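**Student:** The following block contains the structure, expressed as structure tokens.
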Amino acid sequence: MRKLFGTDGVRGTANTHPMTAEMALRMGAAVGRYFRRDSSGAHRVVIGKDTRLSGYMLENALTAGLTSTGMNVLLLGPVPTPAVGLMTRSMRADLGVMISASHNPAEDNGIKFFGPDGYKLSDQAEAEIERLIEEGVKPAQAQNIGRARRVDDARFRYGERVKSSLPRDLRLDGLKVVIDCANGAAHRTAPEVLWELGAEVIPIGIEPNGKNINLDCGSTQPRVAAETVVAHGADVGICLDGDADRVVVIDETGRVADGDQLMALLASAWSRAEQLKGGALVATVMSNLGLERHLGAQGLRLERTAVGDRYVVERMRDGGFNLGGEQSGHIVMSDYATTGDGLMAGLHFLAEMVLTGRKASDLSHQFETVPQMLKNVRYGAGQLPLEADSVKAAIAEAQAKLNGQGRLLIRKSGTEPLIRVMAECEDDALLAQVVDGIVAEVEAAAG
């Protein structure tokens, strides 16, 4: 069982275990030893980060740990998470590291690892790295200590790669686009890419100060972006999160479309163009039942996985599928990227607007959602509210009530100390009843 790693790397409050400089040093040494298979001096690792203040501390500690095992470190600076996956492979690195807590607030941070193929690590690899962290590793001999240097063109390399995923010669001339960068890793890259493609760009969330990432902005808080779209008469809004691996789209009326609607659009478009491999979309158990019905009506399948974009990617690779993602806005297009890429997905939405001549409001509402309710309950360290008999009984009762009318999903968050209670049902009253009943018991058990 993994103790440090969640659904997306290691995450926590900065300067609190496990997000301390000491642990980052040990993680760097452990993962450096894991990927440094021989004694040659050609081993290298790329490190990217978002704009959190604690990123400086963790970057330096990771660099010290990695170089102590003989890894040469290439520091990319602030870049989106998908850029690290890209650069790991394109620069023939043995390992990629992203320092980010994604959509979490600024006081949190996290560390994600990518293998030499640019994909996130498997559960088995993470378990082995945890073992090395606990046991400690032998450092390299003095003459074999690694070096570290800055890479100045990382965001430009990434920007060109993102643009190259669009149809050749496609331009965004005439489109007025609001881009919300969440004061995060894409605060320079995203506006530049949109402008270079010809769009009129209205950027917000582009003034990071180390403490304002995801603060009242970005994909999890799109209110300001929606207001900006309406106020400026923009054609569309694109909201990224702090590390730009997820996206939501805002139409010209200010209505927000989540990842399920975007995946529905892309799956349908790719199917018509005979580009959708395997006749299926891969998504998690959180995706709305309406998406599954929408795809089924077109003869397409929805392949469900556990929550986490890396599980989506694993299923895509195993099944030979090329489109997947999460309701939260991670959209994975494996023909072009190894992980969720918010900017790339946003560009492909804009491409559909250009190619079809239709408004964002037409394209961003592909299906009617089945009423869904999601509530989160925070719990304290060492607490196991899902093990309480009262909670188990409430869940069993809810499942019996929903039998044949909807579905229920209860899970621990892999990135925060939260119990997520989600249900879907056509009967709004029953939906609220089952969710609120379980939430009340979880809160009591966590109290």
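The values are calculated or read from the model by the stated rules, or taken from the named source; none is laboratory data. Keep in mind that what you see is a predicted model, and the values were worked out from it rather than measured. Note that each Cβ is placed from the backbone with ideal geometry, even for glycine, and that neighbours are counted across all protein chains shown. Side chains are part of the model used for accessible areas, which takes the heavy atoms of the whole protein and leaves out ligands, DNA and RNA. Shrake-Rupley method; radii C 1.70, N 1.55, O 1.52, S 1.80 Å.
**Student:** For the stretch 207-257, give me the residue count where each residue is touching a strand residue (DSSP E or B) at 6+ places or on another chain (Cβ under 6 Å), closer than 23 Å to Gly308 by Cα and open to solvent by 50 Å² or more (accessible area, probe 1.4 Å).
**Tutor:** 1
**Student:** What number goes with the only condition from (1) under 30 Å from Gly55 (Cα atoms); (2) of a type in the set (A, V, I, L, M, F, W, C); (3) within 19 Å of the chain's Cα centre (by Cα); (4) modelled with pLDDT of 95 or more that Ala283 does not pass?
**Tutor:** (1)
**Student:** Say we look at the stretch 414-426 and pick out the residues that are touching a residue at least 40 places away in the same chain (Cβ under 8 Å) and of a type outside the set (A, V, I, L, M); which of these is surrounded by the fewest Cβ atoms within 10 Å (Cβ to Cβ)?
**Tutor:** Glu426
**Student:** Determine whether the stretch 110-118 contains at least one residue that is farther than 18 Å from Gly28 by Cβ and part of a helix (DSSP H, G or I). Please lay out each step first, then the result.
**Tutor:** Going residue by residue through the stretch 110-118, those that are farther than 18 Å from Gly28 by Cβ are 117-118.
Filter once more, so that each one left must be part of a helix (DSSP H, G or I): none.
Within the stretch 110-118, none of the residues are farther than 18 Å from Gly28 by Cβ and part of a helix (DSSP H, G or I).
**Student:** For the stretch 336-377, what are the residues that are within 21 Å of the chain's Cα centre (by Cα) and either over 21 Å from Asp180 (Cβ atoms) or surrounded by fewer than 18 Cβ atoms within 10 Å (Cβ to Cβ) (or both)?
**Tutor:** Selection gives Tyr336, Thr338, Leu374, Lys375, Asn376.
**Student:** Looking at the stretch 84-99, is at least one residue farther than 23 Å from Arg36 by Cβ and touching a helix residue (DSSP H, G or I) at 6+ places or on another chain (Cβ under 6 Å)?
**Tutor:** The first filter runs over the stretch 84-99 and keeps only residues farther than 23 Å from Arg36 by Cβ, leaving none.
No, the stretch 84-99 contains no residue that is farther than 23 Å from Arg36 by Cβ and touching a helix residue (DSSP H, G or I) at 6+ places or on another chain (Cβ under 6 Å).
**Student:** Give Pro203, Pro191, Pro222, Pro208 a once-over and let me know the one that is touching a helix residue (DSSP H, G or I) at 6+ places or on another chain (Cβ under 7 Å) and touching a residue at least 12 places away in the same chain (Cβ under 8 Å).
**Tutor:** Matching residue, one of Pro203, Pro191, Pro222, Pro208: Pro203.
**Student:** Considering only residues that are acidic (Asp, Glu) and surrounded by 18 or more Cβ atoms within 10 Å (Cβ to Cβ), which ones fall in the stretch 112-154?
**Tutor:** Of the residues in the stretch 112-154, the ones acidic (Asp, Glu) are 117, 123, 126, 128, 130, 134-135, 152-153.
Of everything in the stretch 112-154, those that are acidic (Asp, Glu) and surrounded by 18 or more Cβ atoms within 10 Å (Cβ to Cβ) turn out to be Glu126, Glu130.
**Student:** Can you pull out the residues in the stretch 69-111 that are polar (S, T, N, Q), more than 26 Å from Asn212 (Cα to Cα) and open to solvent by less than 10 Å² (accessible area, probe 1.4 Å)?
**Tutor:** Thr69, Thr88
**Student:** Return the residues of the stretch 289-308 that are in contact with a strand residue (DSSP E or B) (Cβ under 6 Å, 6 or more places away or on another chain), closer than 29 Å to Ile419 by Cα and open to solvent by less than 50 Å² (accessible area, probe 1.4 Å); say none if nothing qualifies.
**Tutor:** Selection gives Leu289, Leu302, Glu303, Thr305, Val307.
**Student:** Scan the stretch 309-335 for residues that are in contact with a strand residue (DSSP E or B) (Cβ under 8 Å, 6 or more places away or on another chain), closer than 27 Å to Glu424 by Cα and open to solvent by 30 Å² or more (accessible area, probe 1.4 Å) and jot them down.
**Tutor:** Within the stretch 309-335, Tyr311, Glu314, Arg315, Gln327 meet the criteria.
**Student:** While we're here: State yes or no: is Ala64 surrounded by fewer than 20 Cβ atoms within 10 Å (Cβ to Cβ) and touching a helix residue (DSSP H, G or I) at 6+ places or on another chain (Cβ under 6 Å)? Even if it seems obvious, please write down each step before you answer.
**Tutor:** Details: surrounded by fewer than 20 Cβ atoms within 10 Å (Cβ to Cβ): yes; touching a helix residue (DSSP H, G or I) at 6+ places or on another chain (Cβ under 6 Å): yes.
Here the answer is yes, as Ala64 does meet what is asked.
Listed here are the residues, each with its yes/no results for (1) modelled with pLDDT under 95; (2) not small (Gly, Ala, Ser).
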residue	(1), (2)
Ile331	no, yes
Met344	no, yes
Ala351	no, no
Leu355	no, yes
Thr369	yes, yes
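**Student:** May I ask you to say which residue of Ala400, Ala381 is in a loop (DSSP other than H, G, I, E, B), hydrophobic (A, V, I, L, M, F, W, C), open to solvent by 50 Å² or more (accessible area, probe 1.4 Å) and free of Cβ contacts under 8 Å to residues at least 40 places away in the same chain?
**Tutor:** Only one candidate passes the filter, namely Ala381.
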